[in-house]
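Comments concern the structure below.
Here, each number is a calculation from the coordinates, and none is a lab measurement. No experiment lies behind these values; they were computed from the predicted model shown. Here the Cβ positions follow ideal geometry from the backbone for every residue, glycine too, while neighbour counts run over all protein chains shown.
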Amino acid sequence: MRSFKWKTWTFSGLALALMVVTVIISVLHGTKPIRYETAWEALVHFDEGNVDHQIIRTSRIPRAIGALLIGGLLAASGALMQGMTRNPLASPSIMGISDGSVFAITLCMAFLPGASNMAMVGYSLAGSALGGVLVFGISRLLPGGSSPVMMAVLGTVMGTFLGGLSQALASYYQVSQNISFWYNARLHGISPDMIQLAIPFAAAGLILALFMARPMTALSLGEEIAAELGMNVKLIKSLTMLSVVIMTGISVAIAGKIAFVGLILPHITRFLVGPDYRRIVPLSALLGALFLGWCDLISRFLNPPFEVPIGVVTALFGVPYFLYLIKTRGGGRSE
Amino acid sequence: MFKIAPTILVSHQAVDWEDNLRLLAEVTGKQEAAEQAIQQYKSDLEGAKATLTEKLGDQTVMAIRIRTGKLFIYPESVFFNPILYGDLGLKVPAEVSAAKAQEEITIEQLATINPDQLFIQFAADENKETATALDEFLNNPIVKNVAAVKNDKVYVNVIDPLSEGGPAWSRIEFLKAALERLSE
């Protein structure tokens with residue numbers, strides 16, 4: 001255990017340092033070549049009429065912070081979900097939670113046009129809760145429904161169903177093009193206001209996640225064991241879901257649906273620091289932040305002069321990893 | 001057997017506009033009017049081209065479309081681009097030559113291209129949930145520093161925002177509108 005502890009601190013320190021480096025690289029490199037001196041001036045001697053200064057301040061900085069924030073939130077969500085369900089394939093985008101969020105936003109667009117950003121966030125949170133409840137509820141009702149692959153299949157089916165409903169509603173009410181706006185993640189459109197809006201939710205979700213990390217370790221050994229240890233399993237599960245819903249909901253609300261971050265990063269983290277969720281949750285968040293930060297950077301340079309949608313970049317890494325996980329851990333065996 | 005009424009396929013490609021017009025003229029028996037319209041377009045073009053090329057020199061002229069709050073550009077042979085770059089012979093921005101289909105560009109990219117004159121097509125129908133997208137775009141602090149915006153050379157919906165330069169009507173009308181704005 002000591003070596004794991006030492007490892008955790010090393011990895012956390014390393015991840016934090018790399019995060020700073022990632023922000024600096026993201027701010028300095030983009031479509032428009034901007035000199036380092038100019039970027040520095042944008043921070044210390046901001047000139048409203050200088051286009052480069054404006055790009056640094058209103059586009060690149062919020063975008064870099066947004067990528068890190070969302071990467072962290074999604075990876076922490078994935079870690080909690082994998083612990084709670086004892087399912088290595090669990091993640092917000094696979095378990096219907098992101099699709100629920102998109103579904104609620106569609107409903108809101110169709111029936112309550114012109115809702116404020118804040119209201120959208122509310123619908124997004126409610127929708128992710130709905131997606132989660134549907135998938136977990138049905139998995140309980142079906143025989144064998146909580147085996148890893150079965151749940152992933154259920155989540156995918158439910159996600160596709162909600163996605164299909166969203167699209168049907170959208171085309172009926174002729175808001176379909178706007179929905180694709182929510183589907184297609186858009187880190188480059190993140191404004192400083194959106195970051196401000198997201199930070200309280202992100203903080204609340206992450207703090208709750210850290211609190212749930214300790215009981216999660218026991219829960220990941222099985223519900224009976226957790227109950228025997230004197231834990232209130234229902235309460236723990238509800239609070240964990242709440243945390244996941246807040247973190248995923250706010251991510252979808254500001255950037256759309258981004259897949260695979262919540263799936264891959266918790267695994268890599270578990271591989272690095274062992275099975276204790278007090279380490280897995282915070283370090284997943286750090287590594288998830290780094291991962292999405294770098295995916296965002298890659299998206300700017302993969303197909304110049306245009307940007308590649310962020311979802312394509314995460315899928316490049318995510319799909320092979322998902323298949324690998326199904327092959328190695330997908331059968332009835334939980335870890 | 002199925003019965004299908006006589007069906008004529010008409011291309012919506014901007015580069016086929018003359019053949020299209022002639023085809024429809026043949027169907028409706030208005031060949032003369034069609035030839036006249038095509039000749040008129042060509043003479044409008046010839047009359048303006050020389051002075052315009054001289055006046056605009058090295059300036060970058062671009063046409064974008066805002067849909068669902070996002071900015072889109074098109075390949076050289078699509079949208080108003082054949083008129084701007086093909087017919088009027090203006091300088092083609094690298095991003096437009098690189099576009100293979102409708103491509104989304106970021107605000108940072110637009111600032112990199114830094115067009116001197118900018119045509120924007122913004123249809124309310126395509127921006128139902130992003131009704132304020134055009135205002136937000138024009139008030140974006142980065143966009144405000146783009147040459148065309150700074151110098152008040154932004155032209156919004158010079159013709160109906162859903163006509164996209166393909167068929168004869170939008171081509172003829174866009175040329176008129178563009179010449180008027182660009183020669184100011």
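What to note about this one:
- Set of segment A:257-285 residues, backbone N closer than 16 Å to the point 7 Å along the Cα-Cβ line of A:Lys5: A:273-280
- Calculated Rg and Dmax of segment B:15-182 using C-alpha coordinates, Å: 16.5, 54
- When segment A:2-329 is described by a simple charge dipole with +1 on each Lys and Arg Cβ and -1 on each Asp and Glu Cβ, the residue from A:Gly288, A:Ser93, A:Phe322 located farthest towards its positive end is A:Phe322.
- Volume per residue of the C-alpha convex hull in segment B:1-55, rounded to whole Å³: 76
- Comparing Cα centroids, segment A:236-277 and segment A:1-57 end up 24 angstrom apart.
- Relative to the longest principal axis of the Cα atoms of chain A, the long axis of helix A:233-255 makes an angle of roughly 20 degrees.
- Range in chain A, longest, excluding exposed trypsin sites (Lys or Arg not before Pro) [loop by DSSP; at most 12 other beta-carbon atoms within 10 Å]: A:36-332
- Each residue, B:Thr53 and A:Tyr321, gets one label point 7 Å from its Cα in the Cβ direction; the gap between the two is 5.5 nm.
- The calculated FRET efficiency for the pair B:Ala123 and B:Ala94, based on their C-beta separation and a Förster distance of 41 Å, comes to about 0.90.
- Peptide-level mean, for B:99-110, of C-beta atoms on other protein chains within 10 Å: 5
- Remark: chain B carries a charge dipole of roughly 100 debye about the Cα centre, counting +1 on each Lys and Arg Cβ and -1 on each Asp and Glu Cβ.
- Relative contact order (%) - chain B, alpha-carbon pairs under 8 angstrom, separation at least six: 26
- Modelled spin-label separation between A:Ile138 and B:Gln40, with each label point placed 7 Å from Cα along the Cα-to-Cβ direction: 6.0 nm.
- Long-range tail of P(r) for segment A:32-101 (Cα pairs > 16 Å, %): 61
- Scattering curve values for segment A:16-168, log₁₀ I(q)/I(0), Debye with Cα scatterers, q = 0.15, 0.21 Å⁻¹: -0.87, -1.14
- Reducing segment A:300-319 and segment B:119-173 to their Cα centroids gives an inter-centroid distance of 28 Å.
- Shielding of A:53-64 by partner chains, average beta-carbon count, 10 Å: 3
- Compared with the dominant Cα axis of chain A, that is its longest principal axis, helix A:61-85 is turned about 0°.
- Cα pair count fraction exceeding 35 Å, expressed as % - segment A:2-329: 20
- Principal-axis tilt of helix A:2-28 within chain A, Cα atoms, nearest 10 degrees: 30
- For segment B:43-135, the calculated P(r), taken from all Cα-Cα distances in 10 Å bins from zero up to the bin holding the longest distance, is 16, 46, 29, 9, 0 percent.
- Residue order, fewest to most surrounding Cβ atoms within 10 angstrom, among B:Trp169, B:Trp17: B:Trp169, B:Trp17
- The calculated FRET efficiency for the pair A:Ser146 and A:Ser238, based on their C-beta separation and a Förster distance of 22 Å, comes to about 0.80.
- Across segment A:265-335, Cα-Cα pairs more than 15 Å apart make up 63 percent of the total.
- For segment A:206-312, projected area of the alpha-carbon convex hull averaged over all directions, nm²: 7.3
- Residue-span extension gain [A:Ile199 to A:Val20] - 0.36 nm each, minus C-alpha spacing: 62.6 nm
- Chain A, dipole about Cα centre (Lys/Arg Cβ +1, Asp/Glu Cβ -1), debye to the nearest 20: 840
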